[in-house]
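See below for the structure under consideration.
The numbers here are math on the coordinates, done by the rules we state, and not lab data. Predicted model only: the values in this text are computed from it and were never measured. Every residue, glycine among them, receives a Cβ derived from its backbone with ideal geometry; neighbour counts consider all protein chains shown.
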Amino acid sequence: MAPTRREFLKIAGFSAVGLALPFLPSLAFDQAGTPTAGSSSPAVQGPLPALKAKRWAMTVEPRKCRPDCTDCIAACHLEHNVPDFRNPKDDIHWISLEKVEHVFPAETHPRLPESITKLPVPVLCNHCENPPCVRVCPTQATFKRADGIVMMDYHRCIGCRFCMAACPYGSRSMNWRDPRPFVRKINPAFPTRTKGVVEKCNFCEERLARGILPACVIACKDKALAFGDQEDPRSDVRLILDKCLSLRRRPELGTGPRVYYIL
Amino acid sequence: MLEKALRGSRGYGIWVAFLLLLVAVGFFFYLRQLDYGLGITGMSRDVSWGLYIAQFTFLVGIAASAVMLVLPYYLHDFKAFGKITILGEFLAVSAVTMCITFVFVDLGRPDRAVNLLLYPSPRSVLFWDVIVLSGYLLLNIVTGWTVLESDKKGVPPPAWVKPLIVLSIPWAVSIHTVTAFIYSGLPGRGFWLTAIMAPRFLASAFASGPALLILLCLILRRFGRFDAGDKAIQTLAKIVTYALATSIFFVLAELFTVFYSQIPGHMHHLTYLFAGLNGHHTIARWMAVSAATAVAALVLLIIPRARKNESLLALACVGVFLSLWIEKGLGLVVTGFVPSPMETITDYTPTGPETAITIGVWALGLMLITLLYKIFVSVRNEE
């Protein structure tokens, strides 16, 4: 039998690492985050070692965001061939900017200063420790990797949308119609989707495998987004998490979100 | 026995042709949905389940209600139901067929439906729902058909069929319980996150299903040369009465918990459902009809003289069916999504093609009921 897509990806990932290791034994780790124009084109697919972690996590500091900046969304949606339908009914997004009152309704009260209520808060898949979407998926098309990333197999999804009902964060989008005509510029390094499957943020696992940080993190000039291993005390996210109070969305549900907000 | 479905009166022929036409129209629009995608429906990112899944949920109840005939007859030897248990089983067969069809037309990638079996996922409630529904379909086809065939030959049913019939009793409870668990096990949807969901589903099922059965029996008496008997119909009417009262009680218990505790995440949904939220009133209007009809039907059913009057009973049954169809076949699914996790209110209105497909699936089910009941009546009248 032909290998499934997941097996193929696994093999491809290992091969890439295998090819890279002998040539670059002492590559500086921080180069991994260097933003390179069109970093996804095969020519500059630097043979960097894959980034690995016990538990990938992200921190978001909306106070650092410039007003009206949408760089993270643009970079993510370009990288992942996310279509732009320009109508709320067909809408698909992996990241969006929402108001504090919608992201943290439990923390919102009338005496919050305007400097907080006006903040644009980036929201994306939380890559939960205990993801309800994975629990309900009847085909295991959505699954959690050992490093905590919650992934989608677009070739197995049957489009039942149970995961969309299960996600308490509204992080998932359905391809209600053929997305391809609505992708502004197709990135050949990442698959486009067909109509009828669900999609969401993948913490840029395809970039991590190539040793590059997520597109949104690189695109953010204000360093409002940080990404790293939450189990590694020297990681970027731990440097932030270790020194202040961080919030997670709807923690009372026990999903264990791994996107942390500092407000 | 199948050949008996092929011969019938002129009216029977016209009725079947009419249903076939509706099925064909539905199928035409389904082909368009296959081509365009589910975007042809009114569903959206926020309200990601709509009419199809709501019909599925409602019809699981109709299917489960066969147990209200099977249980009294086979476990308590209630003879009056002996004549019509097969009608209940055939109704279940048609209802489950509709359920499975509704789930199928709701899939974004129906070509991959077989993945449900290729990658069995015991942690997914939907996986279990597929198992229990197909099991229930099989049980009812086998038991209904075998018993009818024995009737035709004038022999008692074979001994092996009785354990299957007894098994179908807890199985009926399981299909609606598992279907309720699809909703009540989700952490982020306050409207569905309630332990009373499965009991509520069962109570409303045991009202709407037998109400439909009474209507079908009355139709058969008038047009089908088959009389279910007053005792059977009146007993069914009592079952509908108690189940409807229980169903209303459960809804009131839900309302109390939500509105006395005043937890906003739970309150918003029910406010949207019954009163409308921020100017969005469409569903609330439907629910007002549902509530009023339920109360009126309950009054008719509780008064013995009204219940024993065939016309009033028929009216009450139409009311019960309509009320619970609005509650489960419209309100229950959509309201779980409104407000969304981002606290936005997105209205959902089914589109024309979506409605045509829905009617097509209903017509398919009604056709199955018609054909199976025709076979049943022909066999019974030969005796």
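Please say if chain B is rounded, prolate or oblate, where rounded means a/c under 1.5 for a ≥ b ≥ c the square roots of the C-alpha gyration tensor eigenvalues, and otherwise the choice is prolate for a/b larger than b/c and oblate otherwise?
prolate
Of the DSSP beta bridges with both residues in the protein assembly as shown, give the percent that are antiparallel, rounding to the nearest 5.
85 percent
Assigning unit charges at the beta carbon (Lys, Arg +1; Asp, Glu -1) and nothing else, what dipole magnitude in debye, to the nearest 20, does segment A:12-261 show about its Cα centre?
The dipole of segment A:12-261 has a size of about 340 debye.
How big, in percent, is the set of alpha carbon pairs in segment B:1-117 lying more than 26 Å apart?
Result for the distance tail: 41 percent.
Shape of segment A:76-189 from its Cα gyration tensor (a ≥ b ≥ c, root eigenvalues): rounded if a/c is under 1.5, otherwise prolate when a/b > b/c, or oblate?
It comes out oblate by the Cα gyration axes.
Run the simple label-point estimate for residue A:66 and residue A:190 please: 7 Å along Cα→C-beta, distance reported in nm.
For residue A:66 paired with residue A:190, the spin-label model returns 2.2 nm.
Among A:210, A:248, rank each residue by its count of other Cβ atoms within 10 Å, from fewest to most, as a rough exposure measure.
A:248, A:210
Would you compute the Debye intensity of the protein assembly as shown from its alpha-carbon atoms alone, equal scatterers and no solvent, and pass along log10 I(q)/I(0) at q = 0.06, 0.10 Å⁻¹ to two decimals?
So the normalised log intensities are -0.39, -0.94.
Subtract the Cα-Cα distance of residue B:195 and residue B:312 from 0.36 nm times their separation in residues, and report this length gain in nm to one decimal.
Length gained, residue B:195 through residue B:312: 38.6 nm.
Shielding of B:41-49 by partners, i.e. mean partner chain Cβ atoms within 10 Å per residue?
6
What's the FRET efficiency of residue B:10 with residue A:129 using the Cβ-Cβ distance as r and R₀ = 51 Å, to the nearest 0.05?
The value I calculate is 0.15.
Does segment A:12-261 classify as rounded, prolate or oblate by the C-alpha gyration tensor (a ≥ b ≥ c root eigenvalues; a/c under 1.5 gives rounded; else a/b over b/c gives prolate, otherwise oblate)?
rounded
If I take every Cα pair under 8 Å that is 6 or more residues apart in segment B:2-382, average their sequence separation and divide by the length, what percent do I get for the relative contact order?
31 percent
For labels at residue B:242 and residue B:25 in the simple 7 Å Cα→Cβ model, what's the distance in nm?
Between residue B:242 and residue B:25, the label points sit 4.1 nm apart.
According to a simple spin-label model (label point 7 Å from Cα along Cα-to-Cβ), what is the distance in nm between residue B:234 and residue B:1?
The answer from the label model is 3.0 nm.
Each residue of segment B:20-31 in turn: what ³J(HN,Hα) in whole Hz from Karplus with 6.51, -1.76, 1.60 and θ = phi - 60°, glycine and Pro shown as x?
4, 4, 4, 4, 5, 4, x, 5, 4, 6, 5, 4
Straight-line reach from residue A:64: which aspartates and glutamates fall under 14 Å, measuring Cα to Cα and dropping same-chain residues less than 8 apart?
Correct list for residue A:64: A:222.
Apply 1/(1 + (r/R0)^6) to the Cβ-Cβ distance of residue A:87 and residue B:138, taking R0 = 35 Å, and write down the FRET efficiency to the nearest 0.05.
Plugging the Cβ-Cβ distance into 1/(1 + (r/R0)^6) gives 0.20.
Treat every Asp and Glu Cβ in the protein assembly as shown as -1 and every Lys and Arg Cβ as +1, leave all other atoms uncharged, and give the resulting dipole magnitude about the Cα centre to the nearest 20 debye.
I would put it at about 560 debye.
Report the calculated FRET efficiency for residue B:282 and residue A:54 (r = Cβ-Cβ distance, R0 = 45 Å), to the nearest 0.05.
For R0 = 45 Å, the calculated efficiency reads 0.40.
Ranked from highest to lowest mean number of other Cβ atoms within 10 Å per residue, what is the order of the peptides B:105-117, B:149-161?
B:105-117, B:149-161
Over 28 Å between C-alpha atoms is what I'm after, so list which of B:79/B:308; A:195/A:223; B:79/B:374; A:54/A:243; A:200/A:221; A:52/A:89 land there.
Too far apart for the 28 Å limit: A:195/A:223; A:52/A:89.
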